[in-house]
Amino acid sequence: MSEQFLNGFTCGVAYHVLGSQFPHMFGIEVESQNGVFTLTKEIIEVISNISKTNIVALILSLTCIIILLTFKIYVNEWIKEKFKIKV
């Protein structure tokens, strides 16, 4: 398979995962959407119910994102230098 195809597929999967987890990051219950523009409909519903955000879920989600990004940016580089392996 070509690199462009794999990059496009990976990008699509990333948007799908982000869209499916977006309401859970805020702790907001949304109706299951079907059809065209499902991601857009869910995001609009989350934004319209943003006042119902579960602050504990939001803080936990942001903390996990910060930890994961920190490891991705700093620890991966250290592992690459130390062990000469692809991470």
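When the residues of the stretch 31-56 are filtered to those that are closer than 15 Å to S20 by Cβ and surrounded by 14 or more Cβ atoms within 10 Å (Cβ to Cβ), the one that is modelled with the lowest pLDDT is Q33.
Only one entry in F83, F22, F5 is more than 16 Å from the chain's Cα centre (by Cα), at pLDDT below 90 and of a type in the set (A, V, I, L, M, F, W, C), namely F83. Scanning the stretch 15-30 for residues that are in a helix (DSSP H, G or I), surrounded by 11 or more Cβ atoms within 10 Å (Cβ to Cβ) and hydrophobic (A, V, I, L, M, F, W, C) returns L18, F22, M25, F26.
The values are calculated or read from the model by the stated rules, or taken from the named source; none is laboratory data. These numbers were taken from a predicted model, which means no experiment stands behind them. Neighbour counts run over all protein chains shown; Cβ positions are idealised from the backbone, glycine included.
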